[in-house]
Structures are given as C-alpha cells and as structure tokens.
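Accompanying notes for the structure given below.
All of the numbers you see were taken from the coordinates with simple rules; none came from a lab. It should be emphasised that the depicted structure is a prediction, and the values quoted were computed from it without experimental measurement. Every residue, glycine among them, receives a Cβ derived from its backbone with ideal geometry; neighbour counts consider all protein chains shown.
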Amino acid sequence: MTTTARTSKAPVILWFRRDLRLHDNPALERAFATGRPVLCLYVLDPAQCGRASGAASLWWLDKSLRALAASLAERGGRLILRRGDSETELRRLIDQTGADAVYMNRLFESEGFTRDADIAHALKAEGVECQGYNGALLTRPGSVLNGSGGPYKVFTPFLKALLAQAEPPPHTLGPRDMSGASKVASDDIDDWGLHPMRPDWSGGFDWTPGEAGATEALSRFIAGGLKTYGKGRDHPSEPGCSRLSPHLHWGEISPWRAVQTARDAAAHGKVPAAEAEKFVAEIGWREFSAHLLHHFPTLPDRAFRPEYEAFPWRDDEAGFRAWTKGLTGYPIVDAGMRQLWTTGWMHNRVRMIVASFLIKDLLVDWRRGEAWFWDTLVDADLASNAQNWQWVAGSGADAAPYFRIFNPTAQGEKFDASGAYVRRWVPELRGLNDKWLHAPWTAPPEILRAAGVRLGTDYPRPIVDHGEARDRALAALKVVSASRGDD
C-alpha cells in the first residue's frame, strides 16, 4: 500500500457487508459521528465467509444493494461497489482517497471473523484505524456462556441466559445528510450479473429486498401472523410466518428491531404476549445457531455429534434428483420443494418435513440437502442452515432424536388439512378430494380417473414406501449406536 498523507479531515470508510440498512446500524452511526467524509463501500468477495453465496442469495443481494444505494442517494450519499479480495479493495480505496479509518459491523462465522481480525491487524500496522461492531445479532458470540465458561449446547438455557443479559441498543435512524464524500470509481452493479439470465428462473420471487421491504414485512407480520403465531406458523397455507429471515440475513433490519416491535405490540394489547414471546424465541434460535457456528466452525461440514459421522448414508442419486424436483410422490414434500424452486423460500414446517424425508426416508446425507438449500433459498444463512439440517438429522446440538421420523402423509393431513397448500404447488392433484390428496396412491382407480390423475404419468407413484423406509432408517441408526458404544 502506498503512503498517502492523512489529516484529521481524511475520509473514513464504512464497509458494508451483511448490514444493508441505515437504521440501527452501529458502524454507520460511529462513522458519521466522526464528522469526516464517509466512503460507503461494498465489496463483492466470494471468500468473505469461506463459502460463496448461492444463486438465490445473489438474486437478493442484487436488489438489496440497489435499494441501499437509493437510500444513500436520498440522503446525499453514494454506495461505492468493488469486486475482488476484500483487503485488496480496501487498500485500493485507502490509496485513492487517503482514508485513515475503517468502520464495519463484524461477521461472526469463524472464517469471516478471523479474516476481519487479520485485515484489521494489517491495516492498523500501517496507521489505519479499524473499528468493528455487532450489527447482526442480539449479542455477540462469546458473551453468553454457561456456568463452566463454555458455549451452551442446549437451546432453552441458552435462551434464558441470552434474554437475561442482552440489552437492546437505542433505536437510531441514521444521519439525514450523508453527503460530503469524494467521488471515486465504482463498479456498475449491472456488470456483476447477480440477477439470473438465460434463463431467468426468478419470475416467481415475490419479495421486496431492502430496508423498506423489511420494515413492511415486519409491519405486515405484526398486524397479522403474530396474533396466532404459535399455531399459525405450522400451517403452510396460512400467512403465519414472519418471512423476515432473508431481511435478517442481509441485515436489512436489526433483530432487536424485530424483537422490540413484537414486544411493543404485546404491551399495547395488539397481540397476545405469549405469541410475541414465541416469536422472540425463534429469533433466539437464530441467535443460538450463530453462536454455535462461531464456537464450532465445522458445523456446516461435520456432524456436531461425532458418532453420526459413522452413519451409513446411501448413494441414491435418483432419489435425490426426484426430491429436488418435487417428484417424490409424496404431495406435501413435493409441494415444499416446488415452492422453494419457484419462490426461493419454503414454509418452516415444510422444511422439517422435506428434510426428514431426504435424510430418513431416502438416507441421503444431510449435507446434500444443506447444499441444495444454500443454493436455492433467498434466506440461506450458514449458521441457521447447518444447525437446522443437523437438528433434523439428530446429529446437532439439542437436536431432535434421529428416531423421530416424520410420516409425510400424516404431516400433510395434519398441517394441510384443507389441502390448499398442496393444491397450489402440485396442481396436477387439484381434482382429488381431501380424503385422498395426501396419499393419492391409495385412492381407488375410479376416484383417480374422476380427478384426471394418472399415477406414474401425471404424478409419480411414491419413490419409496414410508413404512419400509422407516424400518431401514432405524436399522441404520444402530450403526451410530454401535459406534457410540450403546447397548
């Protein structure tokens, strides 16, 4: 890095990553509080956290960056876009402008956390101040520890400790005037190719990325789904989920904002307090996942419980392909996988059902499902994705036991009793009445004919018998038990 004379009026760099908002942004507040020109920078760096974002996430990032740039422009600011290695691009901007400080909200995945520390150490050695803050979580990993000084591995005591000690920061709106920074070269986001082309598979993505979209989603949830959140979130045909997960992942809204808005609604009698706290607990589960990944960085790649590395997974490529395409013959599973492909999102309850089917009915390694979700979910989050897949697999921290095997037919009948969800995403079965909808292979031939359904032609027969698959899965579990030394 070349040496450039710096003065007290030298600009500072505000380095955006997964904090794409102006409100409740601690790094932004501190950068503008210096009273010096602020250079707002985003670097497209695939190595930022050790794993490149999936295609659906890049679609979201494209729209979120455009929204952030527009918000900055409304306040007289400008978003500088660069692509490449983060440290290289930071140094290049420092050389071009004489900036002598970098403000950022920290990444807490182990690899990103270490990279941040390495960059800060290198820049500080050359006289560039580096300041990092927590803009992503209720509290930074490492601050919620058990009585032995180690990380919690069970959720309930973690949540209790988290809520007892975490203090909400003051709500901030960001400075009104963000002008004053010198104009330097910036990439054109159109040249980054984040939006899919040839083909554009995102036509069904009904989302509004960006801070305004996040605020709207939260308001809509408070006014609707939160009132019956405990039960409504289990029924995929109802608007019971918050749909905040992609906004939270990209930092378009602070998790504290979501928590406090829900609690304020309860305090003013707009929603039951128990429902608000159920939602807070779900934010806490996200927090638990992030803290676990920070302490156990192999979570996305290796079983948290080592004995599960001995599990005898099957190489079932045909089954895996049928699962990804929503052609398993189990309507609730296929509806979920088609919803995912079409919208970039899947209902929470259905995520558990499709994950259980892949892992336990097909005995396909959970890591393959995790990778598919990573590429196709707009809310793909390294910590949550890994933790949730391992939860279903029984190999994670505080996980559901492996012998808890969802029956996809019973799950469909219980949580989609009206059939509205299946009929929307598996339209070839619309003509079947509720009695046969979740198990069309059991319907009499005359019922299938009347509904215009030809099994094996219009809709596949089940690719596996669930009863037999369950027995096979429980037999496979004995390998794990043997490696663990269980009787």
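Round to the nearest 0.05 the FRET efficiency obtained for LYS435 and ARG220 when R0 = 35 Å and r is the Cβ-Cβ distance.
0.55
Please compute, for the alpha-carbon atoms of the chain, the extent along each of the three principal axes and give them in descending order in Å.
Per principal axis, max minus min of the Cα coordinates gives 83, 51, 49 Å.
Arrange the peptides 445-457, 319-331 so that the one whose residues have, on average, the most other Cβ atoms within 10 Å appears first.
Those peptides, ordered most packed to least, come out 319-331, 445-457.
At a Förster distance of 45 Å, what's the computed FRET efficiency of ILE447 paired with ASP301, Cβ-Cβ distance as r, to 0.05?
0.45
Give the separation of the Cα centroids, the stretch 123-155 to the stretch 315-368, in Å.
Value for the Cα centre distance between the two parts: 35 Å.
Suppose a student asked you for the relative contact order of the chain, using Cα pairs under 8 Å spaced at least 6 residues apart; what percent would you report?
With pairs under 8 Å counted, the relative contact order is 16 percent.
For the stretch 388-487, which chymotrypsin sites (Phe, Trp or Tyr not before Pro) are both in a DSSP coil and crowded by at most 16 other Cβ atoms within 10 Å?
Sites meeting the loop and neighbour criteria: PHE403.
Would you please state which residues of the stretch 433-453 a label at ARG461 would reach in this model, taking the label point 7 Å out along Cα→Cβ and a backbone N cut-off of under 15 Å?
440-445
Counting only DSSP beta bridges with both residues in the stretch 12-136, what percent are antiparallel, rounded to the nearest 5?
0 percent
Once phi is turned into ³J(HN,Hα) by the Karplus curve 6.51 cos²θ - 1.76 cosθ + 1.60 with θ = phi - 60°, what whole-Hz value does each residue of the stretch 424-433 show in order, with x for glycine and proline?
Computed from phi, the couplings for the stretch 424-433 are 6, 9, 10, x, 5, 9, 4, x, 6, 7 Hz.
Could you tell me how far the Cα centroid of the stretch 18-45 sits from the Cα centroid of the stretch 210-245, in Å?
28 Å
Suppose we keep just the DSSP beta bridges with both residues in the chain; what percent of those would be antiparallel, to 5?
Antiparallel bridges make up about 5 percent of those DSSP assigns within the chain.
Helix-only estimate, please: 222 nm mean residue ellipticity of the chain, summing -39500 (n - 2.57) across DSSP H runs of length 4 or more and dividing by its residues, to the nearest 500.
-14000 deg cm²/dmol
Between the helical axis of 55-74 and the dominant principal axis of the chain, each derived from Cα atoms, what acute angle in degrees is found, rounded to the nearest 10?
40 degrees
Long-range amide H contacts for LEU14: which residues qualify at under 5 Å (H placed 1.01 Å from N, peptide plane, sequence gap of 5 or more or a different chain)?
HN-HN under 5 Å from LEU14: LEU39, CYS40, LEU41, TYR103.
Give me the number: length gained by fully extending SER143 to ARG83, i.e. 0.36 nm times residue separation minus the C-alpha to C-alpha distance, one decimal in nm.
Here the answer is 18.3 nm.
Going by amide H atoms built from the backbone, whose H comes under 5 Å of the H on ARG83, apart from near neighbours?
Under 5 Å from the amide H of ARG83: LEU44.
Report ³J(HN,Hα) in whole Hz for each residue of the stretch 463-471, in order, from the Karplus equation J = 6.51 cos²θ - 1.76 cosθ + 1.60 where θ = phi - 60°; Gly and Pro get x.
7, 7, 7, 4, x, 5, 5, 5, 4
Rg to Rh for the stretch 12-136: what is it, with Cα atoms only and Rh by Kirkwood?
We get a ratio of 0.93 for the stretch 12-136.
For the stretch 306-482, what value does the Rg/Rh ratio take when both radii are computed over Cα atoms and Rh is the Kirkwood radius, given to two decimals?
0.97
So, in Å, what gap is there between the alpha-carbon centers of the stretch 48-86 and the stretch 262-287?
Cα centroid to Cα centroid, the span is 30 Å.
Here is the link list: LYS278/LYS325; LYS231/LYS435; LYS160/LYS360; LYS153/LYS270; LYS160/LYS414. Which ones come out longer than 29 Å on Cα distance?
Exceeds cut-off: LYS278/LYS325; LYS160/LYS360; LYS153/LYS270; LYS160/LYS414.
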